[in-house]
Amino acid sequence: MTSVQKTVSPAPAYPSLVHETPAMEAAVTHLIDRVFGPGRFAKSSERLREGNTPLSDCSFVAVRDGAPVGCCRMWPVTIGGEPVAFLGPLAVDPDERSAGLGQALVESAVEAARAAGWRAVLLVGDGPYFGRVGFTNAHTAGVVMPGPVDQRRVLLLPLAEAGDEGLAGLVAIDPRA
């Protein structure tokens with residue numbers, strides 16, 4: 001009887017998740033451009049990033065072989081004058097998808113925002129995907145994005161007791177940032 005030996009390559013190591021630094025800006029922007037293309041500039045969420053500064057203590061990059069393969073950024077914004085963190089973009093290289101990297105990035109960013117004392121995180125995205133982390137549109141009816149958006153995709157995650165209550169009004173860049 002002859003035995004057949006099968007060589008199995010080990011799975012590639014999971015990328016390292018690190019805080020985004022200013023030195024990563026160009027490479028992370030290139031990743032976001034590859035993932036989303038120029039259409040991202042038309043989204044109302046982009047109005048909250050233009051002229052704003054990411055929250056470096058809450059923004060993460062997945063790095064493999066020294067290059068970013070995923071990112072999740074957070075930004076300081078207000079809802080009706082109340083400060084919250086704004087999540088996005090979440091970008092994962094197509095070759096790195098389906099291994100939970102996007103969710104790991106979101107969870108890391110959310111936990112960092114909680115540790116930094118933010119009351120809630122706001123985002124515009126897919127309810128079923130972000131719902132796995134706890135985001136919901138249950139308290140977003142009064143949240144007004146700076147441009148057209150499908151209101152069902154406006155999601156909040158409270159990070160403190162009642163952190164999502166009473167948030168209503170225009171979403172704007174936090175002037176204190």
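Put simply, the amide H of Asp93, placed in the peptide plane, has neighbours under 5 Å in Gly70, leaving out anything fewer than 5 places away on its chain. Given a 1.4 Å probe and the protein chains as shown, Ile173 ends up with an accessible area of around 60 Å². Take the chain, mark every one of the GluC sites (Glu not before Pro) that falls in a DSSP loop and has at most 15 other Cβ within 10 Å, then report the longest stretch left between them, sites excluded. Within the chain, the longest run free of exposed GluC sites (Glu not before Pro) spans 51-160.
One Cα centroid belongs to the stretch 23-68, the other to the stretch 99-177; the line between them spans 17 Å. Computed in the context of the full set of protein chains, the accessible area of the stretch 56-124 at 1.4 Å probe radius has 46% of its extent on carbon or sulfur. Taken about its Cα centre, the stretch 28-177 carries a charge dipole of about 240 debye when Lys and Arg each add +1 at the Cβ and Asp and Glu each add -1 at the Cβ. Exposed loop sites, defined as trypsin sites (Lys or Arg not before Pro) outside DSSP H, G, I, E and B with at most 13 other Cβ atoms within 10 Å, are absent from the longest region of the chain, namely 7-96.
A simple rule links phi to the HN-Hα coupling: the Karplus curve 6.51 cos²θ - 1.76 cosθ + 1.60 with θ = phi - 60°, which for the stretch 54-69 gives x, 7, 4, 6, 10, 9, 10, 10, 8, 10, 10, 6, x, 10, x, 10 Hz, with x for Gly and Pro.
The HN-Hα couplings worked out from phi for the stretch 79-85 by the Karplus form 6.51 cos²θ - 1.76 cosθ + 1.60 (θ = phi - 60°) are 10, x, x, 8, x, 9, 8 Hz, whole numbers, x standing for Gly and Pro. With both residues required to sit in the chain, DSSP beta bridges show an antiparallel share near 85%. Excluding Gly39 itself, calculate the net charge of residues whose Cβ lies under 12 Å from the Cβ of Gly39, where each Lys or Arg counts +1 and each Asp or Glu counts -1. Surrounding charge for Gly39 is 0.
Cα-Cα pairs above 20 Å in the chain: how many percent? Everything past 20 Å amounts to 53 percent. With 0.36 nm allotted per residue and the present C-alpha distance subtracted, the Leu170-Phe41 stretch has 44.5 nm of extension available. A 1.4 Å probe run over the protein chains yields, for the chain, 52 Å² of accessible area per residue, whole-number rounding.
Per-residue surface analysis assigns Phe135 an accessible area of about 10 Å², computed on protein heavy atoms at 1.4 Å probe radius.
The values are calculated or read from the model by the stated rules, or taken from the named source; none is laboratory data. Please read these numbers as outputs of a predicted model, since none were measured by experiment. Quick reminder, even Gly has a Cβ in these numbers, built from the backbone with ideal geometry, and neighbours come from all protein chains shown. Calculation scope for accessible area: heavy atoms of the full protein, side chains included, ligands and nucleic acids excluded. Shrake-Rupley method; radii C 1.70, N 1.55, O 1.52, S 1.80 Å.
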